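Computed from the coordinates by the stated procedures, all read-outs in this text should not be read as laboratory data. Note that the structure is a prediction, hence the values are computed from the model and not measured. No Cβ is skipped: glycine too gets one built from the backbone with ideal geometry, and neighbour counts run over all protein chains shown.
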Amino acid sequence: MKNLGGSDDARFAGLPFLPASRPPATPNQLETNMASITIGGNEVHTVGTPPAEGAHAPSFDLTGVDLGEISLGGLSGQNVVLNIFPSIDTPTCAASVRAFNERAAALDNTTVLCVSADLPFAQQRFCGAEGIDGVLMGSTFRTAAFGKDYGLTMGDGPMAGLLARAVLVVDGDGQVVHSQLVPELADEPDYDEALAAL
C-alpha cells in the first residue's frame, strides 16, 4: 500500500493512499499571508497564519462529542491549550491527544481542547477506546470558520481542507501566550514548551 501523499516516510506507514496533491492553488485561492509546512517533506501552505504570541485569540464555536457547543467564551477565565490537528485517525494526532491527556491532570485552571475536523462520533469512539478523559474534543465539522480564523486550514496538498498541526496556549484573558505551528505534519508538537507557557 502506498503511503500518504506518495511519501516513503515510515511515520505515514499504514495510512491509506491519498493523491500526491490536488492541483496547485492559485494566488487568488491562497492568501498572500500564509505559512508553509511539509507533509513527508513536501511543502504545503496554510490559508493564513496562526495567531502570534501576544495576540488576542479569535473566538470560536466547535462541536463537542455530545453535539453541544464548545466556545472560547465558555472557557473564559481559565487557560486553554488548543491541540489542533488534521484527524484523530492518524498516528501522530492520536499520540498528541494521549500525551496531553496524561499531562492534563496536573494542570491547574486549564482546559486542554483537542480540535480536528473529525466527526464528534469518531472523536468519542477514540476517547472511549483509549480511556481519554482528561481533555475535551472539539470538531470543526459544522463550520470552517475555526481553520480560517486561526490560519490553520491547509490550502493545498493531499490534505487540503484539513487543519495543520499546531498548539496554542490562551490565558484566562484570551491572550495567546504560546503559538507553535509544527513544521512537519508527521512530527509531534513540543509539549513541554507549550505547558511551560502556563
For SER59 and ALA105, extending 7 Å from Cα along the Cα-Cβ vector and measuring point to point gives, in nm, a value of 3.6
Return the FRET efficiency for the residue pair ALA52, ALA129: r is the Cβ-Cβ distance, R0 is 30 Å, and the value is rounded to the nearest 0.05. 0.25
Under the classification rounded if a/c is under 1.5, otherwise prolate if a/b is larger than b/c and oblate if not, where does the stretch 126-198 fall, given a ≥ b ≥ c as square roots of the Cα gyration tensor eigenvalues? rounded
So how far apart, in nm, are the two label points at ARG98 and ASP149 if each is 7 Å from Cα heading toward Cβ? 3.2
Determine the shape class of the stretch 55-196: with a ≥ b ≥ c the square roots of the Cα gyration tensor eigenvalues, call it rounded for a/c under 1.5, and otherwise prolate if a/b is greater than b/c, oblate otherwise. rounded
On full extension of the chain, what length is gained from PHE141 through SER36, given 0.36 nm per residue of separation minus the C-alpha to C-alpha distance? 35.4 nm
